[in-house]
Amino acid sequence: MSAFMNLRQRSVGSVLVAPHRHVQSLTMLNPDEAHELISLSNRIGRAIVDVLKPQGLHSWCNVGEPAGQSLPHLHFQIVPRYEDVPYTFVGSAELTITPPADLDVLAARMAGSLNGFDSVFVGG
């Protein structure tokens, strides 16, 4: 599994968690992969809460184009939500690109709270 910060942040500190093996749906994972995906998503969520102190946490997975899946590869989105930022949901293409240097700083802060998992990296 990999965890990475997308250049198009829905909210400051958003992270995607995805399996290395190409699958399009959660139902295509074997039980060990499903456990690893949920376990890493849990650890990432805890790191976001620990480091960024959001008032809420939004996590989801879209499977299939009718459900809003924009890339045909399974990934969970872990998105911090803040009281002073209105909740919106737009397609990824409509989000602005965050400078990679800003994401590097956030990733380093979160990796420090993950106890041994230092592969939170900037993605495309």
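The values are calculated or read from the model by the stated rules, or taken from the named source; none is laboratory data. Because the structure is predicted, anything quoted here is derived from the model rather than measured. Because the Cβ atoms are built from the backbone with ideal geometry, glycine has one as well, and the counts that use them run over all protein chains shown.
When each of 82, 87 is tested for being hydroxyl-bearing (Ser, Thr, Tyr), modelled with pLDDT of 80 or more and more than 15 Å from the chain's Cα centre (by Cα), the lone residue that passes is 82. Consider the stretch 81-116 and keep the residues that are charged (D, E, K, R) and touching a residue at least 40 places away in the same chain (Cβ under 8 Å). The one that is nearest to residue 67 (Cα to Cα) is 81. Across the stretch 54-67, a minimum of one residue is classified as in contact with a Gly (Cβ under 8 Å, 6 or more places away or on another chain) and at pLDDT below 90. For the stretch 58-82, filtering for residues that are of a type in the set (A, V, I, L, M), outside any loop (DSSP other than H, G, I, E, B) and buried (at least 16 other Cβ atoms within 10 Å of the Cβ) leaves 2. The residues of the stretch 83-101 that are surrounded by 13 or more Cβ atoms within 10 Å (Cβ to Cβ) and either closer than 20 Å to residue 38 by Cβ or of a type in the set (Ser, Thr, Tyr) (or both), listed by number, are 92, 98. In the stretch 45-54, is there at least one residue being under 25 Å from residue 94 (Cα atoms), touching a residue at least 24 places away in the same chain (Cβ under 8 Å) and surrounded by fewer than 16 Cβ atoms within 10 Å (Cβ to Cβ)? There is no residue in the stretch 45-54 that is under 25 Å from residue 94 (Cα atoms), touching a residue at least 24 places away in the same chain (Cβ under 8 Å) and surrounded by fewer than 16 Cβ atoms within 10 Å (Cβ to Cβ). The residues of the stretch 83-114 that are in a helix (DSSP H, G or I) and out of contact with any strand residue (DSSP E or B) (no Cβ under 6 Å at 6 or more places or on another chain), listed by number, are 92, 93, 94, 101, 102, 104, 105, 106, 108, 109, 112. Looking only at residues in the stretch 19-44 that are within 19 Å of residue 113 (Cα to Cα) and among the β-branched types (Val, Ile, Thr), the one that is surrounded by the fewest Cβ atoms within 10 Å (Cβ to Cβ) is 38.
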